[in-house]
1. Let me spell it out: the conditions are (1) within 25 Å of Leu58 (Cβ to Cβ); (2) of a type in the set (A, V, I, L, M, F, W, C); (3) assigned to a loop (DSSP other than H, G, I, E, B), and Ala348 meets all of them except one. Which number is the exception?
2. Here are Glu118, Glu152, Glu158: which of them is free of Cβ contacts under 8 Å to residues at least 60 places away in the same chain and part of a loop (DSSP other than H, G, I, E, B)?
3. Among (1) assigned to a helix (DSSP H, G or I); (2) under 16 Å from the mean Cα position of the chain (by Cα), which single condition is Ala128 missing?
4. So how many residues does the stretch 326-340 have that are touching a Phe, Trp or Tyr at 6+ places or on another chain (Cβ under 7 Å) and in a loop (DSSP other than H, G, I, E, B)?
5. Under 7 Å between Cβ atoms, at least 6 apart or on separate chains: pull out the pairs that start in the stretch 192-207 with a residue that is of a type in the set (S, T, N, Q) and end on any residue that is modelled with pLDDT of 95 or more.
6. One residue is enough: does the stretch 312-331 have a residue meeting the conditions polar (S, T, N, Q) and touching a Ser or Thr at 6+ places or on another chain (Cβ under 6 Å)?
7. Consider the stretch 292-318. How many of its residues are of a type in the set (S, T, N, Q) and more than 15 Å from Cys237 (Cα to Cα)?
8. Could you run through the stretch 192-221 and say how many residues are over 19 Å from the mean Cα position of the chain (by Cα), farther than 17 Å from Tyr150 by Cα and either in a helix (DSSP H, G or I) or at pLDDT below 95 (or both)?
Amino acid sequence: MILLLVLQLLVSCLRVSEGQPPVPGVIIFGDSTVDVGNNNNLLTLVKANFPPYGRDFLDHSPTGRFSNGKLAIDLTSAKNRCVYAIYHYKNLPLLFVHGSAVDYLGFTSYPPAYLDKEASGDDLLNGANFASASSGFLDSTATLYQLRYYKEYQAKVERIAGKAKAAELFAGSIYVLSTGSSDFLQNYYINPLLRLVYSTDQFSDLLLLQSFTKFVQNLYSLGARRIGVTSLPPVGCLPASITLFGGLGRGCVGRLNDDAVAFNRKLNAAAEALKRSHQGLKLVVLDIYNPFLNIVHNPEDNGFVQVRKACCGTGTLETSLLCNAASLGTCSNATEYMFWDSFHLTEAANVILADALLLQGIELIS
């Protein structure tokens, strides 16, 4: 199995080096972890289109990404990122490809934010990003509405490229769904009415058996066959969670992490059920919980000095509008920090997370 993965990685990298992406496009749905600027064009206060966001991005300016630089999804798809390094996997030498999803997949540019006014014409032929910060599975924050934009996108691509080429793009692209944290942190844990109506277990079932299942079924009906969905991270380790729910200590909030583990277990079961009922569907749950927790527990091994507080401001609660150019205390070197703001990772942490996810998603490009 290990040798097979290595061969698949080598073949994919050879294609990338020859200018041949292994898939025709990348199409992204989700929340602020993958939003590359859609919220810039929506009537919402949840934006990241101002400094210091983006200070370490390509042109050192904010784009709407909730980080100082690139997101993990950026780091898995652009060209010339097949840098080889020898790692060890279960005591076996393994050739691992260091890169990012869009960077690794060999595209010359990132999938544009669909709501960006400049996202038009040929720019749409390698996919698009529909993610919106603060969205989730819950109806009141539904990621499901992003499918409306996706249907609109499909019609545009058909007009630009013709139905045959468009169908190839829709069927061959990798679809990424990254959401769920907002459902718990910005809704369930702070909404007493939700907690009164649903236990944590029941709330997870609501999100997965209704919203997640419905989302994948709708995407499948629209032609998607290669779908990667991220698990929940250890939400109890986010600086905002530690501040709001951690009491006097500055350690991870165990009960929140336990909820994430239980949710992820149910997510895997829901994904398996969907694969059994949908012919030809490749649906991979991408584990971000364990790679994320590894950084928290072993910061020095991963090159970090601070994993409890964020770079921006006091590092305890700032995000979006609260993380701004006037935020006192913002760190000068974000590479030493795991978190950029109290909810989101720095580019340095995103690089590690992207590397960890690469092998998990190999089935989607094979």
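1. Ala348 satisfies every listed condition except (3).
2. Numbers: Glu152 fails: part of a loop (DSSP other than H, G, I, E, B); Glu158 fails: part of a loop (DSSP other than H, G, I, E, B).
So the residue among Glu118, Glu152, Glu158 that is free of Cβ contacts under 8 Å to residues at least 60 places away in the same chain and part of a loop (DSSP other than H, G, I, E, B) is Glu118.
3. Among (1) assigned to a helix (DSSP H, G or I); (2) under 16 Å from the mean Cα position of the chain (by Cα), the lone unmet condition for Ala128 is (1).
4. Here is the first cut: in the stretch 326-340, the ones touching a Phe, Trp or Tyr at 6+ places or on another chain (Cβ under 7 Å) are 331, 334, 336-338.
From what's left, in a loop (DSSP other than H, G, I, E, B): 331, 338.
Result for the stretch 326-340: 2.
5. Correct list of pairs: Thr200/Asp259; Ser204/Ala262; Ser204/Phe263; Ser204/Lys266.
6. Residues of the stretch 312-331 polar (S, T, N, Q): 314, 316, 319-320, 324, 327, 330.
Remaining after also requiring touching a Ser or Thr at 6+ places or on another chain (Cβ under 6 Å): 316, 319.
Taking every residue of the stretch 312-331 in turn, at least one turns out to be polar (S, T, N, Q) and touching a Ser or Thr at 6+ places or on another chain (Cβ under 6 Å).
7. First pass over the stretch 292-318, keeping only residues of a type in the set (S, T, N, Q): 294, 298, 302, 306, 314, 316.
After this cut, where a residue has to be more than 15 Å from Cys237 (Cα to Cα) as well, the list is 302, 314.
Residues meeting the conditions: 2.
8. Within the stretch 192-221, the subset over 19 Å from the mean Cα position of the chain (by Cα) is 192-206, 209-210, 214, 217-218, 220-221.
Add one more test, that the residue is farther than 17 Å from Tyr150 by Cα, and what stays is 192-206, 209-210.
Applying the additional criterion that residues be either in a helix (DSSP H, G or I) or at pLDDT below 95 (or both) yields 192-197, 200-206, 209-210.
Qualifying residue count for the region: 15.
The values are calculated or read from the model by the stated rules, or taken from the named source; none is laboratory data. All values derive from a computational prediction rather than experimental measurement. Ideal geometry is used to build each Cβ from the backbone, glycine not excepted, and the neighbour counts take in all protein chains shown.
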